[in-house]
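The values are calculated or read from the model by the stated rules, or taken from the named source; none is laboratory data. Please read these numbers as outputs of a predicted model, since none were measured by experiment. Cβ sites come from the backbone with ideal geometry, for glycine too, and all protein chains shown count toward neighbours. Note: accessible area is taken over every heavy atom of the protein model, side chains too, but ligands, DNA and RNA are not part of it. Shrake-Rupley method; radii C 1.70, N 1.55, O 1.52, S 1.80 Å.
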Amino acid sequence: MSKGGNSGVKYYVKEGLSDNHKYGAGLEYQILDDENFSWMIEGKMKPGDYRTLASLYEIYPPQNQRKVNPLGQWNHSRIVSNGRQVEHWLNGLKVLDYERGSKDFKDKVSKSKFSEYKNFGEADKGHILLQDHGSQMAFRNIKIKVLD
């Protein structure tokens with residue numbers, strides 16, 4: 001990722017929820033250079049908030065300590081979704097878990113920019129989207145595994 005880079009992996013993406021045909025509305029594992037991102041430098045976000053690396057963008061911040069490799073080195077991310085339970089992992093550490101559709105989840109969505117989307121993040125199926133905000137970004141060894 002380039003310095004100050006911003007990207008993400010969206011999952012349970014539903015098409016047609018937005019007037020913008022290029023926008024895929026879905027849950028997002030945030031991929032961000034927290035330290036050098038412009039919003040952090042400008043004070044628009046704080047370390048560990050719901051827009052930082054490995055968060056569920058705009059909804060849940062990372063709950064646990066993260067181990068982040070320096071720029072230029074690979075980080076390993078994992079999203080585990082088993083029914084309504086979802087986990088975000090970063091470099092072998094579980095940093096977030098939540099339940100899609102729970103009261104807490106719905107409360108947080110209702111206070112987010114996604115409040116306008118009916119049942120946001122609660123679909124049983126959807127697409128996976130690699131997001132781009134113009135940063136240099138590379139993904140490798142992407143695997144999808146169906147859980148028993």
Could you grab the pairs with beta carbons closer than 6 Å, sequence gap of 6+ or different chains, first residue in segment 25-36 and under 19 Å from Ile79 (Cβ atoms), second one charged (D, E, K, R)?
-> Ala25/Lys14; Gly26/Lys10; Glu28/Lys10
Select from segment 8-49 the residues that are hydroxyl-bearing (Ser, Thr, Tyr) and at pLDDT 95 or above and write down the one among them that is farthest from Met137 (Cα to Cα).
-> Tyr12
Which residue pairs have Cβ atoms closer than 9 Å, lie 6 or more positions apart in sequence or on different chains, and pair a first residue in segment 85-96 that is at positive phi and assigned to a strand (DSSP E or B) with a second residue that is surrounded by fewer than 22 Cβ atoms within 10 Å (Cβ to Cβ) and at pLDDT 95 or above?
-> none
Name every residue in segment 115-134 that is touching a Leu at 6+ places or on another chain (Cβ under 9 Å) and either open to solvent by less than 70 Å² (accessible area, probe 1.4 Å) or closer than 18 Å to Asn6 by Cβ (or both), in order of residue number.
-> Tyr117, Phe120, Gly121, Gly126
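Table: residues versus (1) surrounded by 12 or more Cβ atoms within 10 Å (Cβ to Cβ); (2) without any contact (Cβ under 8 Å) to a residue 24 or more places away in the chain; (3) out of contact with any Phe, Trp or Tyr (no Cβ under 7 Å at 6 or more places or on another chain); (4) in a loop (DSSP other than H, G, I, E, B).
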site	(1), (2), (3), (4)
Pro70	no, yes, yes, yes
Arg78	yes, yes, no, no
Lys106	yes, yes, yes, no
Lys113	no, no, yes, yes
Of (1) assigned to a loop (DSSP other than H, G, I, E, B); (2) modelled with pLDDT under 95; (3) under 19 Å from Phe37 (Cα atoms), Gln131 fails just (1)
